[in-house]
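Below is one structure; the comments refer to it alone.
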Amino acid sequence: MDDSVLQSSRNMESSSSTYTDIDGDHPKAIIHIDIDCFYAQVEMVRNPELRGAPLGIQQKNIVVTSNYEARSFGVKKCMLVSDAMKVCPNMKLVNGEDLHNYRTASNKIFAVLQCWKCPVEKLGMDENFIDVTNLVQEKLKSVNTAGLAVSGHTYSEPSMECPCGCHARLRIASQIASEMRKKIFDDLGYTTCAGIAHNKLLAKLICPLHKPNDQTTIYPEHGTSFMSTLSSVRSIPSIGSKTTETLISHKIITVSDLQEAPLEVLKKIFSSDMAVRLKNLGLGEDNTPVKQTGKPQSIGLEDSFKTVSVKSEVEDKFSALLQRLLVLMREDGRIPVSLRVTLRKRDAKRLSSHRESRQAQISPSIFTLNNGLLTVTDAGQQKLMSIVMRLFNKLIDLSKPFHLTLVGLAFTKFQERMTGRSSIVNYFMNDISVQSVLNLQNDCDTSATSMDYSAVSPSSSTTTDLSDAEVEPSPKKPKKVNWIAKRRCLAKEEVASPSKLKVGELRLNSKELEKVSELRLNSRDRSLTPRASPAKDNLSDASDSMKDIEEGACEDCPSYVDKEVFNALPDEMQQELKAMWKNPAGADKPRSSPRKNKAKTNTIMKYFVPQK
Ligand code: TTP
Ligand code: MG
């Protein structure tokens, strides 16, 4: 870091753009994309009639953003509605307090950006960083950079090529940025701005230079001079209000002031690391990586209040939170397997508050797939509420008065659900029991067992709550995994021809699909969720959702048949199997003599084989 400070300081000392200005290595190519007037565009995409006239997005009494038509009248972000209406009386207002559509749009934009297979880091709802360094390197192999121009604007034209080759790389990156912006527009209808630079700091800060619907590239040697145009140190993204205050108190107000402040002076004010970081930022230097954004480790909501001390009130609060949480869950798309309840208790004697949490495993069978969307029936919601209140009862001694100032609900662990609704494979992916049927063509590889586990292992939870022992009864131990692993081996060795079982042959009608999706959820519950702690085995209160799975169990099934799998099969397959089991010849030897059986050779029957 010190090196880059020295490097940048050296750059500053040169007054003209000479060869020495641009020595150094600038290997990265970073794109920053910001959606134009984001909330307003979301509303205009949803309702095209809003286009072409001034539009403001209202939250409470504030216009949080407006379209560019309104801006041309002088409407600014975060203006009071009354003031905005004075400067633009014809502006239409749309209430933007429900963030659902904005979140959905944000996720869609993020998904589009993932298409380039580069790290994408989401910053807020409408900004993303994309590290295209590797992609640029790939393109360099096939692109003739000699005549390649920058796409969009350039902050300042370079007087010569940087020896490290970054100019050519950034030109390629600018072309990629153009493609990305075009795809966002073509697929989703949003215009965007982009900044292209060799680091995140410059990419972000240069991005709004040409707004809206345009892009700007800045070369490394212009970073320092560009930074000096920023009037306040607060304009630098990682400098917050406290640091700004401290800097101002030392007469460091503009970014130029920061650039000129000797590092030794900064080190007297801040820690050594912080001083170096500030100095570098002021000079336009930033080596922070683009971190791929993943799904959050938990999805939660909290409601705080002055006091709640009646159980029925707590129940109402939780019920309202649950409704909102289920909306977030649906947007997220993952199937929760753990639910955490948090309370903040007020201790009147000590005049203090503290938080307590407990969490419980929940059965994925509570959730159902409806047109590809995760939903919970009324009965499922009741189950969730009963889990919530059971956890609440464990946290609160109801024989004594209590005083709560906050309640919280969160889903803390998830199973990953594959996307792509149209594919039948989607219904089978992540489901070891069904996936095994699909994988019969594959090599007999028991390593698939561990792979399948990792696909569903709980995402690392941030909870430090040690009350995990208070959980719903654990799903069954994953014995089916062995069953499946064996099945794969058996299938390879003994099923007549692997080609007999193609994905196409598993195409089911919609009713059957429903069943299969149930199977997918149920069997995950049973066979895929690893046991988190031995304590869970000792729990005796059977969960409702476990009972669901047992309901309708096949009474006539031979002992080697997994009843969950059987029950989730379409009726006709169940009938076919039952008929076969009634015929001892067929029942005893489904594998050895499948052709003797009247049923078709490619039916599901052959996979109901005794466990060895
Ligand atoms: P911005 O990117 O700051 O603004 P914008 O996208 O509306 O406009 P621009 O064309 O200048 O990029 O913020 C993104 C969204 O965040 C914005 O549409 C509304 C919301 N927002 C708030 O809710 N509160 C705020 O204070 C600001 C600034 C924005
Ligand atoms: Mg924006």
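Every number here is computed from the coordinates shown, using simple stated rules; none is lab data. Bear in mind that the values here come from a model prediction, so they are computed numbers and not experimental data. Note: ideal-geometry Cβ built from the backbone for every residue, glycine included; neighbour counts use all protein chains shown.
Quick check on my filter: what residues within the range 182-199 are outside any strand (DSSP E or B), in contact with a helix residue (DSSP H, G or I) (Cβ under 9 Å, 6 or more places away or on another chain) and within 19 Å of P48 (Cα to Cα)?
Keep residues of the range 182-199 that are outside any strand (DSSP E or B), which gives 182-191, 198-199.
Narrowing further to those that are in contact with a helix residue (DSSP H, G or I) (Cβ under 9 Å, 6 or more places away or on another chain): 183-184, 187-191, 198-199.
Within the range 182-199, I184, D187, L188, G189, Y190, T191 meet the criteria.
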Per the filter on the range 20-61, residues near ligand 1 (Cβ under 8 Å from one of its atoms) and outside any helix (DSSP H, G or I) are D34, I35, D36, C37, I57, Q59
In the range 377-402, anything in contact with a strand residue (DSSP E or B) (Cβ under 6 Å, 6 or more places away or on another chain) and β-branched (V, I, T) is listed as I387, V388
The correct count of residues that are under 35 Å from the mean Cα position of the chain (by Cα) and loosely packed, with under 13 Cβ neighbours inside 10 Å in the range 237-283 is 7
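Is it true that G282 is in contact with a strand residue (DSSP E or B) (Cβ under 8 Å, 6 or more places away or on another chain), of a type outside the set (A, V, I, L, M, F, W, C) and closer than 20 Å to H32 by Cα? Steps first, answer last, please.
On the way: in contact with a strand residue (DSSP E or B) (Cβ under 8 Å, 6 or more places away or on another chain): no; of a type outside the set (A, V, I, L, M, F, W, C): yes; closer than 20 Å to H32 by Cα: yes.
No, not satisfied.
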Per the filter on the range 107-128, residues outside any loop (DSSP other than H, G, I, E, B), surrounded by 21 or more Cβ atoms within 10 Å (Cβ to Cβ) and within 14 Å of ligand 1 (Cβ to nearest atom) are I109, N128
Kindly evaluate L80 against the criterion of being away from ligand 2 (no atom under 16 Å from the Cβ), surrounded by fewer than 14 Cβ atoms within 10 Å (Cβ to Cβ) and aliphatic (A, V, I, L, M).
yes
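Out of S338, S353, report the one residue that is outside any helix (DSSP H, G or I), closer than 30 Å to N107 by Cα and in contact with a strand residue (DSSP E or B) (Cβ under 9 Å, 6 or more places away or on another chain). Break it down into steps so the answer makes sense when it comes.
Details: S353 fails: closer than 30 Å to N107 by Cα.
After ruling out the rest, the residue left standing is S338.
Yes or no, residue by residue, for (1) without any contact (Cβ under 8 Å) to a residue 40 or more places away in the chain; (2) surrounded by fewer than 18 Cβ atoms within 10 Å (Cβ to Cβ):
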| residue | (1), (2) |
| --- | --- |
| E285 | no, no |
| T307 | no, yes |
| A320 | yes, yes |
| L325 | no, no |
